[in-house]
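One structure is given here, and the rest of the page talks about it.
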Amino acid sequence: MPNLSKSRFVSGAQCEKKLYFDINRKDLKPPVSSQQQALFDAGNLIGQLAQQVFQGGLDATTEMNGNWSLAIDRTKSWIQKGQQTIYEAAFSIPNGFAALDILHHQDGERWAIEVKSSTSVKQYHLTDAAYQYFVMQTAGFQPDRFFLMHINKQYVRSGDVVPSELFHLEDITSLVLEKQAWVKATHQQLIQMLEQGAEPQINIGPHCNSPFACDYQHHCWKHLPENNVFDLYSPRGKDWELHNAGILSLDDIPIDFPLNHRQQLQVQGAKHQLSFMDDASIRDFMAPFEAPLHFFDFETLNPTIPLFDGTRPFQQIPFQYSLHVTDIQGNIQQHFEFLPDPSAFKSGLSMADDPRYQLIQQLKSNIAPTGSIVAYNASFEISRLKELAASFPDEAAYLQSLIDRFVDLLIPFKNAWYYLPEMGGSASIKSVLPAIDPQFSYADLKVNNGGDASSIYLAAINGVFQEDWSLTREALLRYCERDSEVMVVVYRALKERI
């Protein structure tokens, strides 16, 4: 008999085929990435911290070893005995099951509380909560009020984290009640689909990425050709318009279909392998560059729980940088790097021990007093330097002097002054690099993207990283080094062009 958990109901609400695959085609699901695992770990930490807002509760999942029937029995028994607060309270109905983060009784009311690591209530949170309410009500434990406990984005850390200030409790009872008829009908529909046992025939659509990118896109989208309409640069709905008209390949887009300049270059590149170079604009862009050139890249964290006094949830914190120094031709002269031990990232440090302050001091010795500072999408690095200036006012003048010297290597590619067909529909450096130099890539690196780098380092800070740190540290250094070296390769290509 099919039994829908909360997560499975949310899957089915997004797409019935997704739910069918979750249950019947687990072989299609890709393994959990290190970035996803880091999100799960962070979510567990947030859940544990949220329990401190309602202290003294009993955990229904303690030592249950996967036996949810034990958690369900405990929850029922503890409610009947008048237990005020229960963590991971579990409820079961025919064909349905749900576990609630916090069940709390106050002033004669039963409160259902779901904890989320976001700064506001999202639509999919309401789907999640509405199903929990449905299960609880049907099981005979209807909550009087339903709350979403999310992160207070205005919270600023000062000393130890104060959970009651970090979290905001938002009453969503009326919104949850509005969805009950829909939940009941959808639950019945999903159970019927699963009982039929046949894979639902559902075409791809915008639902494949809403509210989350589906794990099964690689399977459901495999009919699409290489260079398909979903590769179109900044499509703004044109991709689905073409798809729904039966046009799948960029090659098949009619000549009179309205496309902007960048999209036209991409289609002509796919059809005829045509490149495009605006030499005058490239020359004007390159004119202000001054040697020595400093090719600079940050890696950052954006932790849910602020790490330092004076910081907010999800504030970007630089933890690493790589810097290649070259002459005006792009010949590498020096390389510098910064990556402190994860144990350095903790609140209550003296300024001298703060790794952010140490980063600033190392910049002073690594970056010459003159010469351009080059970044790819420089607004990111500039924003981080401004945040550092706010945290360390005595260093603000120096950091502003760096900001004034930045040039953005993204501009020629974002504006399509330099376009090769191999770049496809992206101006990201990960697309630009293989087009310019196919032999130079990230494929040989153990860590090969910024998301994994951030997730790994945050896991190390939180004490949940279990691999060899010395080897991982070296992998992080080589990844960040590659990021700044890639910019040198791209710069040389622009330089050769003019």
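The values are calculated or read from the model by the stated rules, or taken from the named source; none is laboratory data. Just so you know, these numbers come straight off a predicted model, no measurement behind them. Ideal geometry is used to build each Cβ from the backbone, glycine not excepted, and the neighbour counts take in all protein chains shown.
Please specify each residue of segment 327-349 satisfying the condition of being of a type in the set (Val, Ile, Thr) and in a strand (DSSP E or B). Even if it seems obvious, please write down each step before you answer.
Going through segment 327-349, the residues of a type in the set (Val, Ile, Thr) turn out to be 328, 332.
Once the filter is applied, which keeps residues that are of a type in the set (Val, Ile, Thr) and in a strand (DSSP E or B), segment 327-349 yields only ILE332.
For the condition acidic (Asp, Glu) and touching a residue at least 60 places away in the same chain (Cβ under 8 Å), what is the one hit in ASP231, ASP252?
Working: ASP252 fails: touching a residue at least 60 places away in the same chain (Cβ under 8 Å).
Answer to the selection: ASP231.
Pick from PRO313, PRO292, PRO306: which is in contact with a strand residue (DSSP E or B) (Cβ under 7 Å, 6 or more places away or on another chain) and under 21 Å from GLU165 (Cβ atoms)?
Working: PRO292 fails: under 21 Å from GLU165 (Cβ atoms); PRO306 fails: in contact with a strand residue (DSSP E or B) (Cβ under 7 Å, 6 or more places away or on another chain).
Only one candidate passes the filter, namely PRO313.
GLN329 versus (1) surrounded by fewer than 16 Cβ atoms within 10 Å (Cβ to Cβ); (2) under 26 Å from the mean Cα position of the chain (by Cα): which is the lone unmet condition?
Failing condition for GLN329: (2).
Got a number for residues in segment 271-310 being at pLDDT 95 or above, within 21 Å of the chain's Cα centre (by Cα) and among the β-branched types (Val, Ile, Thr)?
Count: 1.
Conditions tested, residue by residue: (1) of a type in the set (S, T, N, Q); (2) surrounded by 14 or more Cβ atoms within 10 Å (Cβ to Cβ); (3) outside the structural domain of PHE338 (by TED's automatic domain parsing).
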| site | (1), (2), (3) |
| --- | --- |
| ARG262 | no, yes, yes |
| GLN268 | yes, yes, yes |
| LYS271 | no, yes, yes |
| PHE295 | no, yes, no |
| PHE298 | no, yes, no |
| ASP309 | no, yes, no |
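Scan segment 236-249 for residues that are more than 28 Å from ARG25 (Cα to Cα) and touching a residue at least 24 places away in the same chain (Cβ under 8 Å) and report the count.
2
If you check GLN334, GLN358, which single one turns out to be more than 27 Å from the chain's Cα centre (by Cα), surrounded by 15 or more Cβ atoms within 10 Å (Cβ to Cβ) and not aromatic (Phe, Trp, Tyr)? Spell out how you get there, then give the answer.
Working: GLN334 fails: surrounded by 15 or more Cβ atoms within 10 Å (Cβ to Cβ).
When all the criteria are applied, what remains is GLN358.
Name the residues in segment 434-444 that are under 19 Å from ALA475 (Cβ atoms) and buried (at least 16 other Cβ atoms within 10 Å of the Cβ), would you?
TYR442 - this is the single residue of segment 434-444 that is under 19 Å from ALA475 (Cβ atoms) and buried (at least 16 other Cβ atoms within 10 Å of the Cβ).
Exactly one of (1) part of a helix (DSSP H, G or I); (2) of a type outside the set (Lys, Arg); (3) at pLDDT below 95 is unmet by SER174. Its number?
(3)
Go through (1) in contact (Cβ under 8 Å) with a residue 12 or more places away in the chain; (2) within 22 Å of ILE46 (Cβ to Cβ) one by one and return the number of the condition VAL162 breaks.
(1) is the only condition that VAL162 fails.
Please go through segment 259-276 and pick out each residue that is in contact with a helix residue (DSSP H, G or I) (Cβ under 8 Å, 6 or more places away or on another chain) and farther than 13 Å from GLY425 by Cα.
Listed by number, the residues that qualify are LYS271, GLN273, LEU274, SER275, PHE276.
Give the residues of segment 384-441 that are within 18 Å of ASP297 (Cα to Cα), among the polar types (S, T, N, Q) and in a helix (DSSP H, G or I), sorted by residue number.
GLN400, SER401, SER431
Would you please name the residue that is nearest to the chain's Cα centre (by Cα), looking only at residues in segment 340-353 that are surrounded by 11 or more Cβ atoms within 10 Å (Cβ to Cβ) and over 11 Å from LEU307 (Cα atoms)?
PRO342
Yes or no: GLY463 surrounded by 21 or more Cβ atoms within 10 Å (Cβ to Cβ), in the same structural domain as LYS346 (by TED's automatic domain parsing) and at pLDDT below 95?
Working: surrounded by 21 or more Cβ atoms within 10 Å (Cβ to Cβ): no; in the same structural domain as LYS346 (by TED's automatic domain parsing): yes; at pLDDT below 95: yes.
For GLY463, the condition - surrounded by 21 or more Cβ atoms within 10 Å (Cβ to Cβ), in the same structural domain as LYS346 (by TED's automatic domain parsing) and at pLDDT below 95 - is not met.
Search segment 278-301 for residues that are within 30 Å of ALA475 (Cβ to Cβ) and pair each with any residue that is among the acidic types (Asp, Glu) and outside any loop (DSSP other than H, G, I, E, B) when their beta-carbon atoms are under 6 Å apart and the residues are at least 6 apart or on different chains.
ASP297/ASP483; PHE298/GLU381
Could we say that GLY451 is of a type in the set (Gly, Ala, Ser), touching a residue at least 60 places away in the same chain (Cβ under 8 Å) and part of a helix (DSSP H, G or I) here?
On the way: of a type in the set (Gly, Ala, Ser): yes; touching a residue at least 60 places away in the same chain (Cβ under 8 Å): yes; part of a helix (DSSP H, G or I): yes.
Yes; evaluated as a whole, the condition is true for this residue.
Can you find, within segment 66-107, the residue that is nearest to the chain's Cα centre (by Cα) among those that are part of a loop (DSSP other than H, G, I, E, B) and within 26 Å of GLU170 (Cα to Cα)?
If we filter segment 66-107 for residues that are part of a loop (DSSP other than H, G, I, E, B), which is where we start, we get 66-67, 81-84, 94-95, 107.
Retained after the next criterion (residues that are within 26 Å of GLU170 (Cα to Cα)): 82-84, 107.
Values: GLY82: 41, GLN83: 38, GLN84: 36, ASP107: 39 Å.
Only one residue tops the list, namely GLN84.
All but one of (1) among the small types (Gly, Ala, Ser); (2) at pLDDT 85 or above; (3) closer than 27 Å to ILE191 by Cα hold for GLY47; which doesn't?
(3) is the only condition that GLY47 fails.
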